[in-house]
Structures are given as C-alpha cells and as structure tokens.
1. Based on the Cα gyration tensor of region 266-317, what are the three equivalent ellipsoid semi-axes, each the root of five times an eigenvalue, rounded to whole Å and given largest first?
2. Ranked from the most accessible area to the least, with a 1.4 Å probe and all protein chains present, what is the order of 324, 674, 213?
3. Report, to the nearest 10°, how far helix 267-281 tilts away from the longest principal axis of the Cα atoms in the chain, using its own Cα long axis and a range of 0 to 90°.
4. Would you mind getting me the FRET efficiency between residue 315 and residue 221? Use the beta-carbon distance for r and R0 = 51 Å, nearest 0.05.
5. At 0.36 nm per residue, and after removing the present C-alpha to C-alpha distance, how many nm does the segment from residue 747 to residue 416 gain when stretched out fully?
6. Only helical DSSP H runs with n ≥ 4 go in: add -39500 (n - 2.57) per run for the chain, normalise by residue count and round the 222 nm mean residue ellipticity to 500 deg cm²/dmol.
7. Which net charge results for the neighbourhood of residue 235, defined as the other residues with beta-carbon distances under 15 angstrom from its beta-carbon, given Lys and Arg at +1 and Asp and Glu at -1?
8. For the chain, what does the accessible surface come to per residue with a 1.4 Å probe? Please give it in Å².
Amino acid sequence: MNPLLKKTLGFIPAVLLTLATLGIGAMTALYLYLAPQLPATDTLTEVRLQVPLKVYTREGRLIAEFGEMRRIPVQFGQVPRQLVQAVLAAEDDRFYSHPGVDYQGLLRAALSLAATGEKKQGGSTITMQVARNFFLSSEKTYLRKFKEILLALRIEQSLSKDQILELYLNKIYCGNRAYGVAAAAQFYYGAELNQLTLAQMATLAGLPKAPSKYNPLANRERAVERRDYILERMAALGYISEAEYQTAHSAPETAARHNPEIEVEAPHVAEMARAEMVRRYGETEAYTGGYEVYTTLDARQQMAASQALRAALLEYDQRHGYRKPEGHVELKKDAGGAGWQAALEGYSESGGLLPALALEVEGQNARVYTPGRGVLELSWAGLSWASPYLAENRRGPPPKNAAQILQAGDIIRIYRDSGGVWRLAQLPAVEGALVALHPANGAITALAGGFNFYQSNFNRVLQASRQPGSSFKPFLYSAALERGYTPASVVNDAPVIVEGADLDDSTWRPKNFGGKFYGPTRLREALAHSRNMVSIRVLRAIGVPYAVEYAARFGFKPEQLPRVPSLALGSGAVTPLDLVRAYAVFANGGYLVEPYFIDRIVDAQGKVLMQADPLTVCARCEGSAPALALAQKGAPRVISAQNAYLMTSMLQDVIRTGTGRRALELQRADLAGKTGTTNDLRDAWFAGFNPVLASVAWVGFDDHAPLGDEETGGRAALPMWMRFMEVALKDVPEQPYPAPEGIVTLRIDPASGALAAEDDARAISELFNSGQLPSQITQPVAAPQDAIGTEQLF
C-alpha cells in the first residue's frame, strides 16, 4: 500500500471521532441553550382547548353557537379504533414504538434534503406535531425543528401514548374552521364519530397534512386520492381486510357542509346570552372558553312564540294589501336553473318566507322558482288576497287575474301554509314582539323580539318603549280597589273635557273607541269593555300622584309614567317585558317577581359557575319563621291577595264578555287579560295570563306610524297571543284561582251596584272583599261637571 495513502487512511478514524465529538458538543451546547427556554410539557395535562360558546334551552336544545373555532372535545376512548388507525397510517404508523422522535423518518428526511436540496419530507411524528401545535410557531426553521424534537422527547416522558393521541385528535385543524376530528365529522358529514364509515374516517385522516389541498368540499378529486392512499396504507399495515379496503375504496365521497344544527330558533335570547357572557368574562374568554349557557326558555313555547308572531304579522300585512315585488330581472328564454339561481343571489329566507322568481304568469296561476325546491305552482288561493296597498286604510280593487299582481321576472316571497298551499307573501313592514314568563319566579319561557333578527336585531321585548294604551288600565283599577272601590262601584261613562291636559295647556276631549258613551257603568263592566271615560274619572278620584306611586308596586318606574290625565288611557312608555312582569303580579296572587333568562352557566369541565336563584312566590313564607322565609327567598308581596283575586276575576270577564272574547275559542276558563290600543291606533297589545303563564303580545311600526282603522289590540295582537297560549298550555290542565280569605259573593243590582233585594230577578252575583261590602261603604259618585281642570287632577 502506498505509504501516503496508508498515512491518510490512518487519520480517518481520528477525523470522524473529532467530528462526532464536535457534533455532540454542538448538540449539547444547543440543548443547554434551548432547554431553559422550552415550556413545561406537564401543562398539557391541564390544557384548555378553545371551544365555542353554546346557548341552550332549559331542556338542553341548541339555540346558538358563538366563536371562530368549531371544536367538540372528545376523550380518546370515544374515538373509533379504525379512525385512530387511519390517522396513524396517514401520519405516523410507528407512533406506538418510537420515543416521540422517529429517527428512521428523520434520516429519510435528511437524505431527501441532501439529494434534492428541498425539504420534501419533514419526518414529524404525531408527538412532534403536538409539540408544534401547542407550544411553537409555524415557522419552518432548523431551530424550530430541534425544539420540536426536544419537546417531543419531554412530552413522551410526561404523557402516555393515548393521552398524546387524544390531544392531537382534538387539536388538529381540518379546514373550514373545524378543529379536531369530532368537529370535522360534524361539519363534513353531519355525524358523530361512531357514525362514520371507514371511507369517511380515511378522508378526515387525510386533512391535517393539508386542509385546503385535501378538502373534500373544495377539491373532491384530491381528497379522494388522499383517502385512497390512506386506505392502501391501512391495508398494508394490517389494520383492515381486503374486503373492507375494496368497499371503502369504491365508496363515493359524501362530504357536504353541515353547520351546527340549531334546534330552537331564539336569536334575540341568544344575543342576550352572548352579551351577558362577554360582560362577565370578556370577549376572548367568552368565545373560546367552552362555556354552556342554559337559558330558561321552554323549547315548545319558544317555537310557538316565533310562529305566532310571524303569523300575526303576515295576517296584518295581507289585510292591508300587496305593496310590490322585491325586485325584477329580465328573464332570458334559455336561462334555466343556473340563471334563475343567479337572479336570486343575495336573497335569502327571512322569517320563514322564501325568495322566489316568477317564471310564468297565466290566468289565475303563476309558476315560480325557489332554490332547493325547484319550480312551484302558485294557485289563485295563494294569490287572490293581493289587492294593491295604497295606504294603511286604503287598498286597490281586488285582482281578477295573476297578471294584475305579478309578471315574469319579478322577485317575490312565498311560503307554504298549514294546508300545504303555496302563498304569495311579502316581508312585513309592521313589527311585533311576544314574551312569556312563569309568574311564580319570573323565568322567561319564550321571547320573540321581531319578525327576523337577521333583518333587524332590535329586541322589541326589551328595547321598544311604547304606550301601553288600555292594557295599563288594570293597574289604575287595582289602585282604585285599594282606595275603597269595588268591582260593583258605578262610575259615569260620559264625555269629559280636560283643560290643560298636557304641558302645552291644550284641551283634551277623549272618547271611547267607536265614539259612543254608555252612562253609569260598574267597574267590572267598564274594564271588560275598556270604557275610557270611566278610567279618566277613576284616575281623577284617586289622584295622579297616587296612581303613579301605586303603579311602582308592579315594577314600573315613575319616569315611565307621565303625571297627566292621559295616564288613565295608558300614555306612559313601557316595554313588553315591563308589562308582562306587571301582569304576573295578578297571575301569582300579588307578588312582584324579577324576570330572568339564564338558568345556569357551565364551564368546559361541566362545573356549574352560576345557578339562578330567583325570588319566588312563597305564600307560606308570609308571617313564617325568618329561617323559612330566608331559605325560600320569597318574592315581595306588593298588593293584597284579595286585590289580586278581584282584579283577576275582572280580567277574566275581559275574555268572557269584553274586548278579548275572541280568546273564548281556546276553551279555557282560567284565562284572564286585557287588550290595549293607543291613540291613533299606533300600538296594539294583548296582555294575559293563567296561574302558570303570563304573556304579552305587541304589534306596531318601529317608526310609530298608525296601524290603520280597526287594528285594535283585539284584532292585531290578540290572535298572536291566542296562537301562542294554545300551544303553550296544551296538555296543561285548567288551573283554578283559589279565593283567598276575606272574599265573599253577594247579589247586587246590575244598574246601581248596590245590594239587591232577595226577590230581585235582575240581580247578579259579584265578588267583594269582606272589608268593603256595599252596605258598609259609600259608593263613589261620578263627577257632576263635564269639564275637569288640571288642578283637580294633580
């Protein structure tokens, strides 16, 4: 051998040893430099995944979900074995045998880099991906890769393999804001993990490598290629049989967009819950902390409220005529489905009304196209209502054919009624609200704040401060009972002139609806038929200051109620929530409850962070030992049981014989309530209750425009209330109102309200408080004069 060659070869071991020593030294130095900077991996045992805020009904039915990330955390034992195997086949088939770093994979990556100069294979294990996803940035540098390796080794010392996989399966991004396999299964397939097919599992397992590239919605062909590759790997690794492989390989890709299934429509309450959670925890924490808010809403009642409100507004809208189509396009003869679809772009379902394109109008029928349902026929039964709208009190002549209503190319709204007939509709210009609560504790069981939240998120239940009209009268009558009046007290329903009725010293000449006057009238009859002159004279007798002070017992604030004579007819300003709370006082026998809508808040671990503890009606707590009263957190009594009972009886007569008698159709004897109609018919109300449910319906324009002639509370609002109560009280037995101690029944003369002779054939029965019997008290007398000056009322 050549001496020089021999000498050179002799140096090789020394050089290699030196290089190895230097490499080990460099690696040791790098480790010593980086180790103190690395985060503690034991924090992974207490990791908090970002989970969206969810809002539910009291029964646990989903109302809404808030947050950018879709994530449904699962435990490792909940993940199907074949899904785990699919992930291992796709990402790291040696996961259960390597120590967190797959040196074979790293060597392949190094050789690939040396051969091509490109980083084609990363050599990352699942543990390394966990390290990167939880602790490191996404930058692609050698320093980050080394940190990844060190962290992976540490993680393997802190957690079991199954724990590492659980973190990975919950953390990975799968495209379309879906994080984790459970959220991905729900979004792409609308399925729970245990409902997935093998082919679907393989598709999901292929997403983490490149969520955009292999997304089955955006690139179905590439997603199928990736799926089939994973199936081949699973077969090669012995995870699945040849038969399973063939079945999955030949399966069509069925991915589609599946948004969270909203089970109960209550967007106004969802927004209330969202705002409250942001107030409590801040925006970031509220949207990512995995909180669950269980509201007090009853699912059945809430759905009934939404349907009742929309039906009432559509009925009002149709009574006043068809305004015009929402838009118009020129139809091309060869447009077809794609062209029709394009014409409706930007139009979406609103309050149950579907956008549609008129294709052909002939005779008394029209053919229309609506997305998702294709071409439909509008018969004359669904078109004939559409007389032209001219003003709130004026409609054009009834149409004789469809061409007088529509033309081809018109963009319209349609809906299918309960009889299956497709009907022409329009987005109502009028608005409404409906709210219901439990009289015993104030729990809000239903709330609909408008026709369509996404068209107008103004919550009219909480934010619409409107004149209550005659629905305010029961509180004046209750005050009158407190001042010595009885249901049999007679007051003159005759014209009055109020000088200086308002701050501008104007003269006010009020009248009854319809313009008639009825003379001496008992209070019970006056309330049932909403006699305005009686209310004005009652207010004069008890005094405006006392009336305002007394109304505060029902939760009204003094600033809501003007100290003027028109207060007798409800000229104050209240919200539907204010009014339903006030009527609950009659329903529960005299107690003021506080409305609330959140029953409890639960964190991501299932711990109850807040549990509602409302003031609750507790009649047995009155006069009881302090310990019992404290334990019950009893709602305060604000009017006597006798007053509440007499008022409820009078309000039952509103339905039996008065302005609310349409509600007799519900065939329940336990209903009570009051219509409300304001000046110029700008607001229509119905407020009513039975012992277990109080509810209020309101209809009006947001700009306070008049509703039109005859649009009283009994016509515009009562049908909404009836539809709701019919569903809400279905299968609920009638509830009697137990008479409290001190209530007696006497026979009276219907004309004078005085006690009747035993042989008086005209006598009727009336209820009295035993401390205020006709024979023991002086009947209040109507004012002899017609003009009532302001000085007499204040």
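The values are calculated or read from the model by the stated rules, or taken from the named source; none is laboratory data. Please read these numbers as outputs of a predicted model, since none were measured by experiment. FYI the Cβ positions are ideal-geometry reconstructions off the backbone, even for glycines, and counts take in every protein chain you see. The area values use the complete protein model at the heavy-atom level, side chains included, leaving out ligands, DNA and RNA. Shrake-Rupley method; radii C 1.70, N 1.55, O 1.52, S 1.80 Å.
1. Ellipsoid half-lengths, sorted descending, are 30, 12, 7 Å.
2. The residues order as 324, 213, 674, largest area first.
3. The angle comes out near 60 degrees.
4. The computed FRET efficiency comes out at 0.50.
5. 113.8 nm
6. Here the helix-only value at 222 nm equals -10500 deg cm²/dmol.
7. Neighbourhood net charge equals -3.
8. Ligands and nucleic acids excluded, the result is 46 Å² per residue.
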